[in-house]
Structure formats: C-alpha cells, structure tokens
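Q: Quick one: structure below, then a few questions.
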Amino acid sequence: MVSFRLLTSTKCRLCEIEDLGIVPVRPNLESMNAQFQASLRSDIKPLQITQPEGVSFAIDGHEIRWQKWRMRIGFTPREGLVLYQISYEDQGRVRSILYRASLAEMVVPYGDPRPQHYRKNAFDVGEHGVGMLANSLEYGCDCVGEIHYFDAHLTNSRGEVSTIKNAVCLHEEDFGMLWKHTDWRRDVPEVRRSRRLALSFIATVDNYEYAFFWYFYQDGTIQYEVKLTGILLAGALADQPKYGTVVAPQVNAINHQHFFSLRLDFDLDGCENSVYEVNTEAEPIGAENPYGNAFFAVPTLLETEQAAQRLIDPFTARYWKVVNPTVKNRLGQAVGYKIVPGENVLPFAHPDSPILKRAGFMTKHLWVTPYAADERYSAGDYPNQHPGEEGLPKWTQADRSIANTDLVVWYTFGHHHIPRPEDWPIMPTAYSGFMLKPVSFFDANPALDVPPLPKQEKRCH
C-alpha cells in the first residue's frame, strides 16, 4: 500500500513516498449493475404519476410561482442551487420570508487514524465546488412526473461558458394527508390532500451522490433535505477494524460523518428580525400544579453572536424562532418562523485536530450573525488555504448585536454514518435535514382554503 505526496511550488517535485506494506484485498465480486444480478424482481407493477391538466406552477425566467409561494432561483459553481426572495401570499399581501438561502459549506470528516485515511476531510462546497459537480438529470430516473428543468450556466477552468443541462429539477408531489377531522355526530369527514413543490439538484462528489432538495408545502412549511447515496469509502482491513465496518471479506468501510451548513438570510416581513431559543420546562409540583402534569415553553432572546452559538437539545424540545418584533398577527403576537431540527450530531474529532480547526462551524448547530456582504461561507472563503479559525468562529469573536436587525441564521446538521453490510456495494439512500415552520406568522391555518378532491376522484368513503 503506497501513497505519494507532492510539494507544490513553481516546479512540482515528489517530496515523500509512504510505503505501508502489503495488505491482502479480496477481489470485489459484488456489483451494483443490473446485468450482474442473479435475478431481478418480477412483481413490480407500473406506477404512473400524471397531471392531465398540467402543472400548478408558473415560471417566468428564474422566477417560480406555485399556489401562494413566490421565489427566484440561481446556481453557483460553489453552492449549487441558491434560492432568493422566498415569499408567501397571505390575504392579498406577498410576505417575505427569506431573501437568500443556500448550502454554505459541507464537510465529510473520516474517523480512521491511519496515515492514508486521517487526511480525508473533504470540503465539498469550499474545496470541490458542489455546483460544478452537478448531474445532468434524466427524466424517469432522477425525477418523475410533470417536470420542468433548469440548465446551469457556469464557467470552466479557461473562463469559457460551461452548461450543465437539466441541472435543477422542479416538480410537484402528492404528500399524503394535509389535514383531516371527522365529525362523529354526523359521520362526515373533512380531509385535504397535501401537495408539495420540490426543487432539487444532484451532485456526484467522488464516491458519493448527494441530492439536495427544497420542499415547499401548502401550510407555509419549508423543508430542506439531503439524500445521501453512492459508494462507501473503503480501505483494506489490515489491523484496524474498529474504525469501520467489515462490509465484504477484507473490505473495511470507514466510519465518517457528513456536516451541512445552511446560510439563511432572513427577511421575515422586513429586515428587523430577532432570534429566540425556546425550551420546554416542567412546572414543579405544588399549588399551581397539584397533579404534576404541567409544562410550558420558555423563550429566550439571543442578543449577541456569542449568545447565539447553540446546540440542539431534544430533552427540552429545543427549537429556535426567528421573529419580526415590529409586525404582529391578529392576536398581537410577533410573526415568526421556527427552525425544527431533524437528525443531528456533533463531530467526534478532538478540539485540537486539524479538521475541527478548519471546520469550526461544526461545533455548533446554530450561529447567528448580522448581515455582512462578505460573510458568505461558514469555513471562510478559502478553506483549502488556511490552517483554521476562519469563517464563523472568526466573525463571531466580535460578538456583534443580532437583536432587531438584518440577520443571517446559519444552521448546521450532521449525518452520522457507521457503515452496515447492507450499504455495500452501494448504499440505500439516507435522509437528513430540517424544517422551517411558521409560528404566529399567520392568523390561522393557512391551508384552510385548499379545496377537497373533486367528487370523481374521491375514494375516501
């Protein structure tokens, strides 16, 4: 097992050869290709997704309108899909929610200490440029239904225009039940089907595929989801099986994590926004709580950058709420949207490790900064050219005020991957992400006006 290192200078020269000895590796007999399977399932019937009257969205250049949602899209070589001016029409007003939303950084730290593996900590946004690695999507394979595609126009290494055909997919999906209640006295059900708008692109980064999805729902909810698939990074088993999982004879799939940092430039009914952390507490048993069953939510204003460096806490049902204190709903409550954590984890790398110094944003799930045009990427502008402490850890040392101002929320979530034999030779898709849900943003359920299915389509009763 041999690895090489080159010393970069005006003249590249070989500076080191690492000879780690000979390790037996079994020839790989498994394949993901259909032609190499002993047999394929024969009991799958066709499933048709059709919209005979066409789609419900409208497109004008890069502007998208779908029911009450409004937004614009862009595409950069570094971030991939970028959303702008996300807003929702409410009672005749188009209300702003996010000015800009993007994947600001993504890093994959591996957990094997051997010389050939400890350096594997890819910054897929800041080093590779996930937009440059976007797939040209194919109908019926990557997207199904009534699809609209957007091309991505980028530049190559010579400054020439390079177009990725069908880089972004736009379509609608049925998503089960939106809401339902049956009046048992009259035995009359009221039920509405949920539909969502999906915007996505897929990037192949070396051995992994990442599908990045934005979902928009009829009740004002926004969801961000990453779908992870592809081929595990594996090494020869040698004498270090504890840092991975044996997925085939003599093949050790290495333990690793995936961290994603989202930059959310909020304009919630305007620029004067604040962030609250909300934790739930149990009321002590006593005169006000004689049966010991009471609990309540406690909001805490995060006033400065240092105070807003926070972690998830499922034991207090913690979430964070972005509000506009100058705009109230009909009940006198400040309008807001909350960040609802999904799957998440913290890095296991030591605080003094090179990866944690370079990707310090991984140490917190929430960061909040006042808007600054030159603060765009969580690990700094050039993560491959600095030893660490750039980006969010550096900017927030100033401890600037973030109350009632034009602010940016940075949410970090991680997918923790201890491989399984079932992930070999190609892993089934794993899902990770979070949601943004309206809190007092509307006066009531904004999906009350979704019509029931036409009678000829009803199969409920």
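Q: Say the cut-off is 19 Å between C-alpha atoms; which of 120/357; 227/321; 45/165; 321/364 go over it?
A: Exceeds cut-off: 227/321; 45/165.
Q: In addition: Between residue 19 and residue 430, how many nm apart are label points set 7 Å from Cα along the C-beta direction?
A: Rounded to a tenth, the inter-label distance reads 3.7 nm.
Q: Using the Cα gyration tensor of the chain, with a ≥ b ≥ c the square roots of its eigenvalues, what is the shape: rounded (a/c below 1.5), prolate (a/b larger than b/c) or oblate (neither)?
A: Note, shape of the chain comes out prolate.
Q: Projecting each Cα onto the charge dipole of segment 231-315 (Lys/Arg +1, Asp/Glu -1 at the beta carbon, about the Cα centre), which of 315, 296, 250 comes out farthest on the positive side?
A: Positive-most Cα among the choices belongs to 250.
Q: Could you calculate the FRET efficiency of residue 30 with residue 155 from 1/(1 + (r/R0)^6), where r is the beta carbon distance between them and R0 is 41 Å, rounded to 0.05?
A: 0.55
Q: Right, here's the next one. With a cut-off of 8 Å between alpha carbons and a minimum separation of six or more residues, what is the relative contact order of the chain in percent?
A: Once normalised by length, the contact order is 15 percent.
Q: In nm, to one decimal, how far is the residue 93 label point from the residue 59 one, both placed 7 Å along Cα→Cβ?
A: Output for this residue pair reads 3.2 nm.
Q: Here's another thing I want to ask about it. By how many nm would the segment from residue 227 to residue 119 grow when fully extended, if each residue of separation counts as 0.36 nm and the alpha-carbon distance is taken off?
A: 36.4 nm
Q: I'd like to compare 428-439, 119-130, 288-299: which one has the highest average count of other Cβ atoms within 10 Å, and what's the full order after that?
A: The packing order, highest mean first, is 119-130, 428-439, 288-299.
Q: Note down the magnitude of the dipole of segment 270-419 about its Cα centre, charges +1 on Lys and Arg C-beta and -1 on Asp and Glu C-beta and zero elsewhere, to the nearest 20 debye.
A: Values: 12 positive and 17 negative charges, 60 e Å.
Rounded to the nearest 20 debye, it is 280 debye.
Q: How much length, in nm to one decimal, is gained on full extension between residue 326 and residue 416, taken as 0.36 nm per residue of separation minus their Cα-Cα distance?
A: Answer, rounded to one decimal: 28.4 nm.
Q: Something else: Tell me, what is the percent relative contact order of segment 332-396, built from C-alpha pairs under 8 Å that lie six or more residues apart?
A: Relative contact order here is 32 percent.
Q: Of the trypsin sites (Lys or Arg not before Pro) in segment 145-213, which ones lie in a loop per DSSP and count no more than 10 other C-beta atoms within 10 Å?
A: 158, 185, 186
Q: Same structure again: Taking the mean number of other Cβ atoms within 10 Å as a proxy for protection, how do you rank 384-390, 208-214 from highest to lowest?
A: Values: 384-390: 14.0, 208-214: 20.9.
Answer by packing, highest mean first, reads 208-214, 384-390.
Read-outs: derived from the displayed coordinates by stated rules, not from any lab. What you see is a predicted model, and the numbers here were worked out from it, not measured in a lab. Here Cβ is always computed from backbone atoms with ideal geometry, including for glycine, and neighbour counts include all displayed protein chains.
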